[in-house]
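Colleague: Have a look at the structure that comes next, please.
Derivation of every value follows stated rules applied to the coordinates shown; laboratory data play no part. Remember, it's a predicted structure, so these values are computed and weren't measured experimentally. Cβ coordinates were reconstructed from backbone atoms using ideal geometry, including for glycine residues, and neighbour counts include every protein chain displayed.
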Amino acid sequence: MHIRSVRPVAVRPGPAPWPATDTRQVTLRPVFGRDPPTPTVGSRPWRRLGTTAPRSEDGEDTIVALLERDAELAAVERGLARLCGTPGTAPRSGGLLAFTGGPGLGRTALLDETAARATARGCTVLRATGGEQEQEAGFHLVRALLHPLPPGCREPGLRAALGRHHALAAPAAGLAAPARTVPPHPHAVRRALDRLLAHLAERLAARGTPLVLLVDDVHWADPASLHWLTGLLPQVPGLPLLCALAYDPAQLRPETAHLPDAVLAGGQRPRALPALSAAAVDTLVKETFGGAEQPAFAKECWSLTGGTPLAVTRLLARAREAGLSPHRDAVGRLADLARGVEPPGFLEHLHGLGPACVRLSWAVAVLGTDTTPARAARVAGLDAQAAREATETLCRAGILHTAEDDGPAGPGTPEAGGTPRFRHPSLASEVYRSIPAATRTALHGQAAATLSLAGAAPTDCARHLLEVHPDADPAVVTDLRRAARAYATAGAPEAAHRCLGRALNEPPARRDRPALLYELAFAAFRSGTPAAAAHHLRAALAEPDCTPGLRERATRLLALARTATAQTAATAP
């Protein structure tokens, strides 16, 4: 693919969201098999008393309480005690925890605390977060969770211990794997992942560093990862590991609706997190401002936020920045401050920070876990200095924070300030949904070009190509087919099917259409939809450019698809 001029800035044709700052002609060379990006977790300003939260704008550590979560923290302690054991007591055993609630109720804060307590006990903590923009990427969550491997669990030893199971699990887990000529069955891949995780858990337990898995925002997990995770949960009590999940039940999709049942099968009931009481908000007001306060001020804070911990702490931070004191005469100003805490007031506040901040926030929302400072600047159409200034402004506004996870970068480079991330996943979702449709499409095209230029894996580029308009671009068809092959090899045929369906709509060159239809049919067959597979196969066989070899393979697969369709119809209620 080529970008031949400043306009359009995206790979796909269409109006540019804004003028690009780099006018050089570049050739985008996709590189496949690269490691997936490491997810980050948005910081939480309300934490257990005595732990350090993210730094405030004046550089001082903010220390507030993780309030009214005693039962949940006690469950965490019991789970860790069973896992870690005590000399002379019962053997170690695994456990499962699940925390549920809406945005801002503290699901991630509890996982933060679980991670801190597990680390203090010497546990090995593996953590991943589902992302709304990564739901189309097969096994994205699994790769984020298992890659890189924990210290002491290197791949040569895994290959020797797991044998063929390693070859099956490796592509899904982001590990090195031998080339495969035939994509594996998804069920075999999930069972191989079970074996891989069980081996890791047993090995780490034997070393005295038992495994703790933390999975946040499971409601946004990609389908392939979710299928594996829900199959794993009933096995967790029999493994030497603790698994803690967090999700929003109101955002469960049809493919995630069975998650609560899987938690129950693991021997636990999901723990619903309530909002904070008026008394807890009163405590937070005292912690924030110090000294005495009038009850009317705390009561108004509680009323305006509904006791949502994240909204309460944002409102109190804004009140403090505005120079308010917790007295009755300041109560009338709280309503104005609260309008910028949650949508739609939050979006109005964002736009008030200026065009550069809006553009950078849009770029970070589109890139998701693939964000780096340089990529965000390029997608936003900002030079490095403007991007840094916008990042600093957004951090001061409490919308973004910077994570130092990009490796070394010299002073003055885009990476020197750390990677911009949204402080809370709900902010990322609101910003993404607020982007005008045409601009969002162009940004996805620019993101695909930027990632491909950086040598990202085809699957990383594909999730953006899925969002751009078809335009008969052969390079897009090639990239989507490569991504589909990577997904099929990893055992994620649903993701492969999405990529191939989009490639078919591009459309491909006439000579490539029969092979693409066959690949689409194979992905549909492996996804458990044989009727759709038969439809695509009949279309492939009707193509004049269908070669004899392809015609033979398509005929054999069509017979299998018809048989499977008949069996499905016979067993239907």
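Colleague: Give me P(r) over segment 128-167, computed from all C-alpha to C-alpha distances, binned every 10 Å, as integer percentages.
Modeller: Computed distribution, short to long bins: 26, 41, 27, 7.
Colleague: Based on the mean of other Cβ atoms within 10 Å per residue, sort peptides 350-361, 316-327 so the most packed one is first. Kindly include the intermediate steps, with their values, before the conclusion.
Modeller: Details: 350-361: 19.4, 316-327: 17.2.
The densest-packed peptide leads the list: 350-361, 316-327.
Colleague: By per-residue mean of other Cβ atoms within 10 Å, what is the highest-first order of 277-287, 120-130?
Modeller: On the way: 277-287: 18.0, 120-130: 19.6.
The peptides rank, most packed first, as 120-130, 277-287.
Colleague: Could I ask something else about it? How high is the relative contact order of segment 244-373? Use alpha-carbon pairs under 8 Å, at least six apart in sequence, and give a whole percent. Show your work: numbers first, answer last.
Modeller: Numbers: 91 pairs, mean separation 21.8, N = 130.
Answer for segment 244-373 is 17 percent.
Colleague: Output needed for segment 509-549: three equivalent-ellipsoid semi-axes, defined as square roots of 5 times the C-alpha gyration tensor eigenvalues, in descending order, whole Å.
Modeller: Working: eigenvalues 70, 16, 11 Å².
Gyration-tensor ellipsoid for segment 509-549: 19, 9, 7 Å.
Colleague: If R0 is 22 Å, what FRET efficiency do you get for residue 551 and residue 510 from their C-beta distance, rounded to 0.05? Intermediate values should be presented prior to the final figure.
Modeller: On the way: r = 16 Å, r/R0 = 0.73.
The formula returns an efficiency of 0.85 here.
Colleague: Determine the shape class of segment 472-532: with a ≥ b ≥ c the square roots of the Cα gyration tensor eigenvalues, call it rounded for a/c under 1.5, and otherwise prolate if a/b is greater than b/c, oblate otherwise.
Modeller: Details: a/c = 2.30, a/b = 1.47, b/c = 1.57.
Since a/c reaches 1.5 but b/c is at least a/b, the shape of segment 472-532 is classed as oblate.
Colleague: Another question, then. Tell me, what ³J(HN,Hα) does each residue in segment 114-129 have, in order and in whole Hz, if you take phi through Karplus 6.51 cos²θ - 1.76 cosθ + 1.60 with θ = phi - 60° and put x for Gly and Pro?
Modeller: 4, 4, 5, 5, 5, 5, 4, 8, x, 6, 9, 9, 10, 9, 8, 10
Colleague: If packing is taken as the average count of other Cβ atoms within 10 Å, what order do 219-232, 262-275 fall into, highest mean first? Numbers along the way, then the final one.
Modeller: Working: 219-232: 23.1, 262-275: 17.1.
Taking the mean over residues of other Cβ atoms within 10 Å, the ranking is 219-232, 262-275.
Colleague: Starting from the amide H of residue 243, placed 1.01 Å from N in the peptide plane, find each other amide H under 5 Å away whose residue is 5 or more places distant or on another chain.
Modeller: Here 95, 96, 97, 213 satisfy the definition.
Colleague: Here is a follow-up. Suppose a student asked you for the relative contact order of segment 278-342, using Cα pairs under 8 Å spaced at least 6 residues apart; what percent would you report?
Modeller: On the way: 64 pairs, mean separation 24.2, N = 65.
Relative CO of segment 278-342 lands at 37 percent.
Colleague: How big is the Rg/Rh ratio for segment 278-342, C-alpha atoms only, Rh by Kirkwood, two decimals? Provide the component values of the computation, followed by the final result.
Modeller: Working: Rg = 10.0 Å, Rh = 11.2 Å.
Taking Rg over the Kirkwood Rh, I get 0.89.
Colleague: Assuming R0 = 35 Å, what is the FRET efficiency of residue 258 and residue 541, from their Cβ-Cβ distance, to the nearest 0.05? Kindly include the intermediate steps, with their values, before the conclusion.
Modeller: Values: r = 37 Å, r/R0 = 1.05.
Step by step, r from the Cβ atoms, then E = 0.40.
Colleague: A further question follows. List, largest first, the extents of the alpha carbons of segment 459-571 along their principal axes, each in whole Å.
Modeller: Taking max minus min along each principal axis of the Cα atoms, segment 459-571 gives 40, 30, 22 Å.
Colleague: For a quick check: with amide H placed at 1.01 Å from N, whose amide H comes under 5 Å from residue 271's, ignoring anything fewer than 5 positions away on the same chain?
Modeller: Excluding prolines and chain starts, which carry no amide H, the hits are 98, 99, 100.
Colleague: Quick check on segment 267-308: what does the Kirkwood estimate of hydrodynamic radius come out to from the alpha carbon pairs, in Å?
Modeller: Values: mean 1/r = 0.0886 Å⁻¹.
When all Cα pairs of segment 267-308 are included, the Kirkwood radius is 11.3 Å.
Colleague: Checking the a/c ratio against 1.5 first, then a/b against b/c, what shape does the Cα gyration tensor give for segment 219-330?
Modeller: Working: a/c = 3.53, a/b = 2.87, b/c = 1.23.
Cα axes put segment 219-330 in the prolate bin.
Colleague: Thinking of segment 70-272 as a set of Cα atoms, what percent of all their pairs are more than 31 Å apart? Write out the running numbers ahead of the final one.
Modeller: Values: 3036 of 20503 pairs.
Tail fraction, whole percent: 15.
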